[in-house]
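The values are calculated or read from the model by the stated rules, or taken from the named source; none is laboratory data. Predicted, not measured: the structure shown is a model, and the values here were computed from it. Cβ placement follows ideal geometry from the backbone for every residue including glycine, while neighbour counts extend to all protein chains displayed.
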Amino acid sequence: MRPAPGEVLHFSEDPTIERFVPHVAPTSRQSEPYVWAVGPDRCPDYWFPRACPRAMAWTGPGTTAEDAERIIGPGCGDRVHAIEYGWLKPMMKVELYAYRLPADRFAPIGEPPNAVVSTVPVTPLGPPEPVGDLVELHERAGIQLRLLDRLWPFWDEVITSSLEFSGIRLRNARR
């Protein structure tokens, strides 16, 4: 599930949103109210239940072959997403929806940008679309989905490597 040209996506388990209004999320490091969305490159980061902790790593221009082989694995593609075993069933059962939003209402945020934000209310371009089977979506995108007892040892390896990475909802990971 990716946006078409001129679109960005917002993923949600709520299929009833008619208008996105800027707000400050309780977990946000930003103090300004935003509507958050993502472009095609960052959509896979959100192919999970909202509360699911996930550690993600992928190759980039500065990635060494050694780090790619050690963390992603030989012949395993260029991206890996890791979740804890306890999140597999919720991932297989969640009903996730994608809202298509007009890209011209959004601007990049972060360095490097990992999302786009709007400071004005945004109306979806149409009804939300069911995302479908999230495991299958990973498979079709060529993204390795790894199940771990705990994310923290993997995360510690990823953040000290030459891979590019992102961690979302890690506060929900087992200690």
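Tabulated data for the structure shown
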{"quantity": "Any hit, the stretch 60-80, residues being among the hydroxyl-bearing types (Ser, Thr, Tyr) and under 18 Å from residue 164 (Cβ atoms)", "calculated": "yes"}
{"quantity": "Residue in the stretch 23-30 that is closer than 20 Å to residue 142 by Cβ, of a type outside the set (Asp, Glu) and modelled with pLDDT under 95 present", "calculated": "no"}
{"quantity": "Subset of the stretch 109-139 that is assigned to a loop (DSSP other than H, G, I, E, B), over 16 Å from the mean Cα position of the chain (by Cα) and of a type in the set (A, V, I, L, M, F, W, C) - its residue that is surrounded by the most Cβ atoms within 10 Å (Cβ to Cβ)", "calculated": "125"}
{"quantity": "Matching residues, the stretch 67-106, being modelled with pLDDT of 95 or more and small (Gly, Ala, Ser)", "calculated": "68, 82, 86, 98, 103"}
{"quantity": "Residues that are on the phi < 0 side of the Ramachandran plot and either surrounded by fewer than 16 Cβ atoms within 10 Å (Cβ to Cβ) or of a type in the set (D, E, K, R) (or both), drawn from the stretch 142-151", "calculated": "146, 147, 149, 150"}
{"quantity": "Residue satisfying all of: in the stretch 50-88; more than 19 Å from residue 14 (Cα to Cα) and of a type in the set (D, E, K, R); surrounded by the fewest Cβ atoms within 10 Å (Cβ to Cβ) among these", "calculated": "66"}
